[in-house]
Amino acid sequence: MAENLKGCSVYCKSSWVQLQDLCRLAKVVCPDLGVTRRNLSHFEVEYLCDYKRVREEEFYLVKWRGYPESESTWEPRKNLRCPGVLKQFHQDLEAALQRWSRPGRPRRPPLHGLEPLVAAYLLQKAKQRRALWRWECQLNAKRSHRGRITVENEVDLDGPPRDFIYINEYKVGAGITLTQVAVGCECQDCLAQPAGGCCPGASRHRFAYNEQGQVRVRAGLPIYECNARCRCGPDCPNRVVQKGIRYDLCIFRTDNGRGWGVRTLEKIRKNTFVMEYVGEIITSEEAERRGQIYDRQGATYLFDLDYVEDVYTVDAAYYGNISHFVNHSCDPNLQVYNVFIDNLDERLPRIALFATRPIRAGEELTFDYNMHVDPVDAESTRMDSNLGLAGGLAGSPKKRLRIECKCGAPACRKYLF
Ligand SMILES: [Zn+2]
Ligand SMILES: [Zn+2]
Ligand SMILES: [Zn+2]
Ligand SMILES: [Zn+2]
């Protein structure tokens, strides 16, 4: 039998880490896996679940990676070489004690472990952190843009959202085709010496950017970027949105019932491109149908592409990028623009969000879900972009319920729709 199987190989379904754990469990040295005689008995702390103090010594209940919870053991602090895990555990412990502390009750170091309520909370918190960390790794593995994504929830015990798939560009729905542009520009220098007005000129529009890549046309006017057929290279100043998200951003849990939100970890200059609103492109009829389902579920992420006519909608409910998590504000710091790059079909613009003002590192990013560009002239009135709504609120872009706004801006309209 064994001879017959010679030369056969199958992919291993276990991860490297799992195989190392198996070696340690079986006390087998395997240099190929990095399990040596010296580190054979080094086990990895997955998380800490409980804490006690016996005389002056601190002990932690350790959940070991690769072992079930039933095999967790109490270890003195001196045995643990995981400063990061310890620090996080004590921060969470402090928060939990504050949460369940009763006035007038002295806080004595626990002798036999923490109160069950506190220990249960810490266990959940540890599992949540692990789940969020895994999700963060997944998001970063899927992104094709420069800006890193971090995930943070210091507010409640909610883990990663279910049924959300990170994409970097539009996912085109059944029966819809994006036609690739057939012509590009022939400029020597698209900004300084545009030939025939460069790509924007070919569509009878203005060049949208300055040398720093900041948008200089009024909101409501379209942006035409250089495309795959243009003579210019990747450093052309007319290539901005197509380069993707540049800033490091954080998906965080808001503390006032607005679900997840997004904050920037870097300062952002006024009029700079921040992110695109991507999702699945569907027909408006399909959007109507989904809108009713989303209504019943209490959330929708539908953005009508009504630059020229209302034929298509972007649905970012299941497929989306970080914009899926950006909240609404009546006084937003991001502004929507319609952008055309490799597809010039006016019914299918790309939706790009630009900073309306300088944004500090740490500030939450928001845009107006119910944005209307002031109709300064006849041309701009048809450029209104209208997002259904997002962020775990109830309603539909077509048949809207009145939804209370929690944005907190002094100029808040009080209702989203
Ligand atoms: Zn050009
Ligand atoms: Zn061009
Ligand atoms: Zn160019
Ligand atoms: Zn508001």
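A compact table of results
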{"item": "Meets criteria (more than 27 Å from Lys63 (Cα to Cα), hydroxyl-bearing (Ser, Thr, Tyr) and touching a residue at least 24 places away in the same chain (Cβ under 8 Å)) for Thr179", "result": "yes"}
{"item": "Counted residues, region 304-341 - those being under 25 Å from Arg148 (Cα atoms) and either part of a strand (DSSP E or B) or of a type outside the set (S, T, N, Q) (or both)", "result": "21"}
{"item": "Conditions (1) within 25 Å of Glu309 (Cα to Cα); (2) at pLDDT 95 or above; (3) among the acidic types (Asp, Glu); (4) away from ligand 1 (no atom under 16 Å from the Cβ); number of the one not met by Glu285", "result": "(2)"}
{"item": "Boolean, Ala182 is away from ligand 1 (no atom under 16 Å from the Cβ) and part of a loop (DSSP other than H, G, I, E, B)", "result": "no"}
{"item": "Within region 227-241, considering residues that are out of contact with any helix residue (DSSP H, G or I) (no Cβ under 7 Å at 6 or more places or on another chain) and either within 7 Å of ligand 3 (Cβ to nearest atom) or not assigned by TED's automatic domain parsing to the domain that holds Gln193 (or both), the one nearest to Phe340 (Cα to Cα)", "result": "Arg239"}
{"item": "Condition broken by Asn256, with the remaining ones in (1) of a type outside the set (Ser, Thr, Tyr); (2) more than 16 Å from ligand 4 (Cβ to nearest atom); (3) surrounded by fewer than 21 Cβ atoms within 10 Å (Cβ to Cβ) satisfied", "result": "(2)"}
{"item": "Of the criteria (1) at pLDDT below 90; (2) surrounded by 23 or more Cβ atoms within 10 Å (Cβ to Cβ); (3) in a helix (DSSP H, G or I), which one Thr300 fails", "result": "(3)"}
{"item": "Residue that is farthest from the chain's Cα centre (by Cα), among those in region 28-57 that are part of a strand (DSSP E or B) and either exposed (fewer than 11 other Cβ atoms within 10 Å of the Cβ) or of a type in the set (Lys, Arg) (or both)", "result": "Glu57"}
{"item": "Qualifying position, being away from ligand 2 (no atom under 16 Å from the Cβ), assigned to a helix (DSSP H, G or I), free of Cβ contacts under 8 Å to residues at least 24 places away in the same chain and not assigned by TED's automatic domain parsing to the domain that holds Asn256, among Leu122, Leu117, Leu132", "result": "Leu117"}
{"item": "Qualifying positions in region 220-260 - of a type in the set (Lys, Arg) and within 15 Å of ligand 2 (Cβ to nearest atom)", "result": "Arg229, Arg231, Arg239, Lys243"}
{"item": "Only listed residue being under 22 Å from Lys125 (Cα atoms), assigned to a helix (DSSP H, G or I), modelled with pLDDT of 80 or more and among the aliphatic types (A, V, I, L, M), chosen from Leu93, Leu19, Leu25", "result": "Leu93"}
{"item": "Subset tally (residues that are closer than 15 Å to Tyr307 by Cβ, touching a Lys or Arg at 6+ places or on another chain (Cβ under 8 Å) and surrounded by 17 or more Cβ atoms within 10 Å (Cβ to Cβ)) for region 209-240", "result": "1"}
{"item": "Residue under evaluation Arg246, criteria (1) crowded, with 20+ Cβ neighbours inside 10 Å; (2) touching a Lys or Arg at 6+ places or on another chain (Cβ under 6 Å), criterion not met", "result": "(1)"}
{"item": "Pairs where the first residue, in region 400-417, is more than 17 Å from Gly261 (Cβ to Cβ) and more than 16 Å from ligand 3 (Cβ to nearest atom) and the second is at pLDDT 85 or above and not hydrophobic (A, V, I, L, M, F, W, C), C-beta under 6 Å, 6+ apart", "result": "Ala411/Asp331"}
{"item": "Residues that are part of a strand (DSSP E or B) and either farther than 16 Å from Cys407 by Cβ or of a type outside the set (A, V, I, L, M, F, W, C) (or both), drawn from region 253-267", "result": "Arg253, Gly261, Arg263, Thr264"}
{"item": "Qualifying residue in region 135-150 (condition: surrounded by fewer than 17 Cβ atoms within 10 Å (Cβ to Cβ) and farther than 30 Å from Phe340 by Cα)", "result": "yes"}
{"item": "Flag if Glu186 is within 26 Å of the chain's Cα centre (by Cα) and surrounded by fewer than 17 Cβ atoms within 10 Å (Cβ to Cβ)", "result": "no"}
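A quick yes/no check of all residues on (1) in contact (Cβ under 8 Å) with a residue 40 or more places away in the chain; (2) part of a strand (DSSP E or B):
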position	(1), (2)
Pro234	no, no
Glu276	yes, yes
Arg289	no, no
Gln292	yes, no
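The values are calculated or read from the model by the stated rules, or taken from the named source; none is laboratory data. These numbers were taken from a predicted model, which means no experiment stands behind them. Cβ: placed from backbone, ideal geometry, glycine included. Neighbour counts: every protein chain shown.
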